[in-house]
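Structure first, commentary second.
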Amino acid sequence: MDSLQTRYFKVDPDKPQPDIIAQATEIIRAGELVAFPTETVYGLGANAFSSPAVEKIYLAKNRPPINPLLIHVSNLKQVERLVETIPDVARELMQRFWPGPLSLVLPALSAVPDIVRAGSPGVGLRMPSHPVALALIDQAGPIAAPSANLSGRPSPVTGEHVRNDLDGRIAAVLDAGPTGLGIESTVLDLTGFSPAIIRRGSIPLSDLESILGQEIEEKSSSGQEIPHYQTTTQVVMADNMDQMQAYVSKYRALGKKIGVVHNSLCPQHTINHTDQEYYLDLETGGTLFYSILRDAEKRGISILIFAPLSCQAGGIIDTLLDRIKKAGRFK
């Protein structure tokens, strides 16, 4: 694709400057792409009703158009322009979790371009809680927006991450600093006979089940699976601290540069002969996960070893385990 001169705007994360939002809105209306922060990760936004604009998302990300995109909204009137009906269960979930990191798949109106839906009858909708995102969507209207990274790369949680992946490939970036949660939204499909989780995310499955009063099944998203979180750093996860030290010894003997990732559920032990140590504070919802992946790659870490995470812990831990497994090639 032809190189663009990407414009970077420093935006106040709490009180976004109206003149900057106005400029970003004009860029969206002109059919170009703007990266913007949400409370989860940075999104790459285009006019949701413009197929040519949405096509640019796939080109910029180097991603085949085989998976549907989420549309970000800022109010219920925008939702009504996109879906055939809003079921009572959807209204209940919206009241409880919107604005916030929950995406709901509902039956789409024909006004939603096929390229957004990737041929599926439903469309995924989300109302982010980040002030910059809401200000932009208020002015520009519904925005189709996947994560603002090259396809398969770790999701971006800072404006610098977006620059590293998409500089020269998109029109503009609204840089408001680090995002809050750092893990993508939970995606819940309400188009079938019963609710189904398409993607685990920032809202734990147990929270949704408590609201709906039923167990929720999980199913894979439509389209083909795209490799996740590709970096030059290999990710492994230890079952216990002895195995963690054994991994370090094994890869050190092979001459590898090693990083370890401690977490707040596992007592921090001294791990000998490591080149870099990280700490994943699980109380923050896993904000640092993608930053750690990117930093390890930048430092030339060959092997990144995660300390144990109990699958019995539940909540956001289940989501992090899902992301680590997708990033890992366990040896």
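The values are calculated or read from the model by the stated rules, or taken from the named source; none is laboratory data. Computed from a prediction, not measured in an experiment: that's the story for all the values here. Cβ sites come from the backbone with ideal geometry, for glycine too, and all protein chains shown count toward neighbours. Heads up: the accessible areas ignore ligands, DNA and RNA and are worked out on the full protein's heavy atoms, side chains in. Shrake-Rupley method; radii C 1.70, N 1.55, O 1.52, S 1.80 Å.
Listed by chain and number, the lysines whose alpha-carbon sits under 29 Å from that of LYS10, ignoring those within fewer than 8 places in the same chain, are LYS56, LYS61, LYS298.
Computed from label points 7 Å out along Cα-Cβ, the spacing between ASP12 and THR85 is 4.5 nm.
Among LEU304, LEU188, LEU265, the residue with the largest mean-square fluctuation in a Gaussian network model of the chain, with springs joining Cα atoms closer than 10 Å, is LEU265. In the chain, helices alone account for a calculated mean residue ellipticity at 222 nm of -9000 deg cm²/dmol, with every DSSP H run of four or more residues adding -39,500 (n - 2.57).
Distance between the 7 Å Cα→Cβ label points at ALA253 and GLU218: 3.4 nm.
Projecting the Cα atoms of ALA90, GLY119, SER291 onto the dipole axis of the chain, where Lys and Arg carry +1 and Asp and Glu carry -1 at the beta carbon, places SER291 farthest toward the positive end.
The phi torsions of segment 55-61, fed into the Karplus equation with coefficients 6.51, -1.76 and 1.60 and a -60° offset, translate into couplings of 4, 5, 4, 5, 5, 5, 7 Hz, rounded to whole numbers, with Gly and Pro shown as x.
Scalar couplings 3J(HN,Hα) for segment 99-112, obtained by applying the Karplus form with A = 6.51, B = -1.76, C = 1.60 to θ = phi - 60°, are x, x, x, 10, 9, 10, 9, 10, x, 8, 6, 5, 5, 7 Hz; x denotes Gly and Pro. Across the chain, the mean sequence separation of Cα contacts (distance under 8 Å, 6 or more residues apart), normalised by length, yields a relative contact order of 20 percent.
The eigenvalues of the Cα gyration tensor, multiplied by 5 and square-rooted, give segment 138-260 an equivalent ellipsoid with semi-axes of 32, 26, 14 Å from largest to smallest. For VAL261, the amide hydrogen comes within under 5 Å of the amide hydrogens of TYR278, ILE305, PHE306, ALA307, counting only partners 5 or more places away or on other chains and with H modelled in the peptide plane. Against the main long axis of the alpha-carbon atoms of the chain, helix 316-327 sits at an angle near 80°. The mean sequence separation of alpha-carbon pairs under 8 Å and at least six residues apart, normalised by the residue count of segment 119-212, gives a relative contact order of 17 percent.
The share of accessible area on the chain that comes from carbon and sulfur is 49 percent, using a 1.4 angstrom probe.
Considering only ALA30, ALA148, ALA135, the mean-square fluctuation computed in a Gaussian network model of the chain, springs between alpha carbons under 10 angstrom, is largest for ALA30. Semi-axes of the equivalent ellipsoid for segment 1-153, computed as √(5λ) from the eigenvalues of its C-alpha gyration tensor and ordered from largest down, come to 23, 19, 13 Å. Largest first, the residues TYR279, TYR58 sort by 1.4 Å accessible area into TYR279, TYR58.
Here's the list of lysines a cross-link from LYS219 could span, going by alpha-carbon distance under 24 Å and ignoring same-chain residues fewer than 8 apart: LYS325, LYS326. Its Cα gyration tensor gives the chain an equivalent ellipsoid, and the semi-axes of that ellipsoid, as √(5λ) in whole Å with the largest first, are 34, 24, 17. Comparing segment 176-222 with the 2.2 N^0.38 Å rule of thumb, its C-alpha radius of gyration ratio is 1.30 (two decimals).
Taking the Cα centre of the chain as reference, the dipole from Cβ charges on Lys and Arg (+1) and Asp and Glu (-1) amounts to some 960 debye.
In the chain, a dipole from Cβ-located charges (positive for Lys and Arg, negative for Asp and Glu) runs towards its positive end, and of VAL187, ILE303, ALA140 it is ILE303 whose Cα lies farthest in that direction. Under 5 Å between amide hydrogens, built in the peptide plane, is the criterion, and for ALA108 it picks out GLU84, GLY122, VAL123 among residues at least 5 positions away or on other chains. Based on the reciprocal of the average 1/r between different C-alpha atoms, the Kirkwood radius for segment 56-128 equals 12.8 Å. Using a Gaussian network model of the chain with C-alpha springs under 10 Å, which one of ALA48, ALA253, ALA24 is most mobile by mean-square fluctuation? Ranking ALA48, ALA253, ALA24 by mean-square fluctuation puts ALA253 first. As a calculated quantity, the FRET efficiency between GLU26 and LYS77 at R0 = 22 Å, using C-beta atoms, amounts to about 0.50. Normalised by 2.2 N^0.38 Å, with N the number of residues, the alpha-carbon radius of gyration of segment 91-186 equals 1.16.
Tell me the Kirkwood radius of segment 1-88: reciprocal of the mean inverse pair distance over distinct alpha-carbon atoms, in Å.
Kirkwood hydrodynamic radius for segment 1-88: 14.9 Å.
Grab the beta carbon distance between ASP322 and ASP242, set R0 = 35 Å, and tell me the FRET efficiency rounded to 0.05.
Between ASP322 and ASP242 the formula returns 0.90.
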